[in-house]
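Down below is the structure, laid out as structure tokens.
The values are calculated or read from the model by the stated rules, or taken from the named source; none is laboratory data. Every value quoted in this text rests on a predicted model; they were computed, and no experiment measured them. Cβ coordinates were reconstructed from backbone atoms using ideal geometry, including for glycine residues, and neighbour counts include every protein chain displayed. The area values use the complete protein model at the heavy-atom level, side chains included, leaving out ligands, DNA and RNA. Shrake-Rupley method; radii C 1.70, N 1.55, O 1.52, S 1.80 Å.
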Amino acid sequence: MITGYRTHNNGELRMAHIGTEVSLVGWVQNSNDLGGMNFVNIRDRYGITQLAFNMDANASLCEASRKLGREFVIQAKGKVAERSSKNKKNPTGDIEIIVSELNILKEAKLPPFTIEDDTDGGEELRMQYRFLDLRRNPLKNNLLLRHQMGLETRKYLSDQSFIEVETPYLIKSTPEGARDFVVPSRMNPGEFYALPQSPQTFKQLLMVSGYDRYFQIVKCFRDEDLRADRQPEFTQIDCEMAFVEQEDIIMTFEGLIKHLFKSVMNVDFDGDFPRIDYAEAMARYGSDKPDIRFGMEFNNLNALTQNKGFQVFDNAEIVIGIVAKGCANYSRKQLDALTEWVKRPQIGAQGLVYVKANEDGTYKSSVDKFYSEDDLKEWANQTGAVAGDLILVLSGALEKTRKQMGELRIHMANELELRDPKVIKPLWVMDFPLLEFDEESGRYHAMHHPFTSPKKEDFDKLDSDPGNVRANAYDLAINGVEVGGGSIRIHDSAIQSRMFDLLGFTKEEAQAQFGFLMNAFEYGAPPHGGIAFGFDRLCSLFGGQDSIRDFIAFPKNNRGRDMMIDAPATIDTAQLKELSLDVKIVAETK
Ligand code: ASP
């Protein structure tokens, strides 16, 4: 006697089950009507099983099966039998169910796109019908991966005596550098909560409370312009430790990342992850998250290129060359396309100089007017370009040019397919600057956040040369993606208040915003530090994909909208009144 909806799931039955009476439930994937026989594939999240209906054996049941539409929810009871033509691609492909009873549990409208691995639905449509999109294997596998990543994270950290503590979502602003999402308070008219950009201040308070190893897999909210790898709400593995130095944190969380790679992907790493200083990363790769799966490092060409009459280089603070291996055969059209690419507003270069090291030993450049073959040969020697290579050169202000070249380096690597997704190259980027000068506001901003500790050796520069103070801050980059970052914190209220000073807060402002933290530091704050990993990003990296969206069950589109529930939306006047709010849309003034 079969009780309940199902005896097995649709990914479970094998040859060993032949002869067993079973009951399966699931969605109709598709049918294959051969006249005398009708085959229906039934699907659930575990797999697909073939149901067989035979006109000779049971004509009315076979006819009933012909009426099943795609995505109907059904129950099928019957006996497991060996299949005559086996499907080796499907784990249940050796068997089928000879159905004796068929129940439609719920009919379904025809879905607006096919529920197949390669669907015909466009992204917007799939976002709108996310509940259907989630039935597809690619998304299902991503959610399963995410689940496993979460589980292994909790396992590893719990084993290391970390405890997971929840922190509030309705808080006051946390300064992580983005805009806050705000929530009006009904009980406190005219006042607003901010949703946390991260639990930063709370995890530091937990250290003061004595919970020396904290973590939380937690939602964070940042009102930023969106890109493929950003969402207004995203998830972090947020961590903090007390009585530690930078090295303790690095080793503990390198351990976490290694554990995830081992347990989820069966990938081992030899030795410690490499490290690079921020300053060196910028000088060699023009990026604070260098992709080191390939070389194409920067060469400083100032000495070889300046004072030869070419004004553009003469006026430049830096002239940087990179070598694209084997690209001397680039056509005029390809080089023009590259020049256009660097001139796009997102990159913002004025132009691109190239040198072809031809196979026949000659050199050809876009600046032949100013440089002799011998000059160009020296550039080749300096950059390591050999016959067949192409040297690409950008020049201008130091920081800007480095960033532009950093982008071009990645662009070329993509073009030349040097970013092998099967290779995994983690890199710790260390010693970030404490502050970053913002031209627009004319003042310093915290590069990480205002709670980050300056390096002890640089304390004396806080007054004389704040722009050159380094922080005890570190990021972990993997394959050119920043997956995490953190710092040793300030745990002394005097230094913390000096930091707020530097950031342009008056004493009163600092007190109003962060008085609670500085006050807590007066009650026995241990030395502490931490890190947070972008969980969605880690999942997409493990899944070998660029977009984090497909690793979030219900994501927003790049206008920050949830297409399915159609949010954000207006609220009615009664609700506004309750909140003591009146809405007036003010046109943006610039
Ligand atoms: N709160 C920081 C962030 O969200 C991470 C940290 O410093 O631990 O980037």
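Here are some notes:
- Taking the helices alone, the chain has a mean residue ellipticity at 222 nm of -8000 deg cm²/dmol, built from -39,500 (n - 2.57) per DSSP H run of at least 4 residues and averaged over all its residues.
- Scalar couplings 3J(HN,Hα) for segment 470-479, obtained by applying the Karplus form with A = 6.51, B = -1.76, C = 1.60 to θ = phi - 60°, are 8, 10, 7, 10, 9, 10, 10, 10, 10, 6 Hz; x denotes Gly and Pro.
- Rounded to the nearest 10 Å², the accessible area of Tyr330 at probe 1.4 Å: 20 Å²
- The mean sequence separation of alpha-carbon pairs under 8 Å and at least six residues apart, normalised by the residue count of segment 192-317, gives a relative contact order of 14 percent.
- Over the C-alpha trace of segment 64-214, radius of gyration and Dmax come out as 25.1, 73 angstrom.
- Computed Kirkwood radius, in angstrom, where 1/r is averaged over Cα pairs of segment 369-522: 19.2 Å
- Sequence-distant residues sharing a close amide H with Gly47 (under 5 Å, placed H): Asn10, Gly11
- Heavy atoms of Val73 accessible to a 1.4 Å probe, total area in Å² rounded to 10: 40 Å²
- Here segment 411-454 yields Rg over Rh of 1.23, to two decimals, using C-alpha coordinates and the Kirkwood radius.
- 3J(HN,Hα) along segment 354-368, derived from phi through the Karplus expression 6.51 cos²θ - 1.76 cosθ + 1.60 where θ = phi - 60°, amounts to 10, 10, 9, 8, 5, 4, 7, x, 8, 10, 9, 9, 7, 10, 4 Hz, with x in place of Gly and Pro.
- Computed with every protein chain present, the accessible area of Ile98 is close to 80 Å² [probe 1.4 Å].
- Amide hydrogen neighbours beyond the local backbone of Arg179, cut-off 5 Å, H modeled: Asp223
- The C-alpha radius of gyration of segment 509-590, expressed as a fraction of 2.2 N^0.38 Å, stands at 1.79.
- Residues Asn9 and Glu63, FRET efficiency given R0 of 25 Å [Cβ-Cβ distance, rounded to 0.05]: 0.35
- Surrounding net charge for Tyr156, when Lys and Arg each add one and Asp and Glu each subtract one, Cβ distance under 11 Å: +2
- Volume per residue of the C-alpha convex hull in segment 482-547, rounded to whole Å³: 124 Å³
- Rg and Dmax of segment 161-230, based on Cα coordinates, read 14.0, 43 Å.
- Under the Karplus curve 6.51 cos²θ - 1.76 cosθ + 1.60, θ = phi - 60°, whole-Hz ³J(HN,Hα) for segment 23-32, x wherever Gly or Pro sits: 10, 10, 10, x, 9, 6, 7, 6, 10, 9
- A cut-off of 5 Å between modelled amide H atoms, ignoring neighbours fewer than 5 places along the same chain, links Gly484 with Leu476, Gly534.
- Rg/Rh for segment 142-294 stands at 1.00; both radii use Cα atoms, and Rh follows the Kirkwood definition.
- Spin-label model, Lys86 to Asp501: label points 7 Å out along the Cα-to-beta-carbon direction sit 7.9 nm apart.
- Whole-number D in µm² s⁻¹ for segment 1-110, Kirkwood Cα-pair radius fed into Stokes-Einstein, 25 °C, 0.890 mPa s: 180 µm²/s
- Our analysis of the chain gives Rg over Rh at 1.05, with the two radii drawn from alpha carbon positions and Rh computed by the Kirkwood formula.
- The smallest convex shape that holds all Cα atoms of segment 211-349, its convex hull, gives 230 Å³ per residue.
- Net lengthening on full extension, Asp272/Ala574 (0.36 nm per residue, minus Cα-Cα): 102.8 nm
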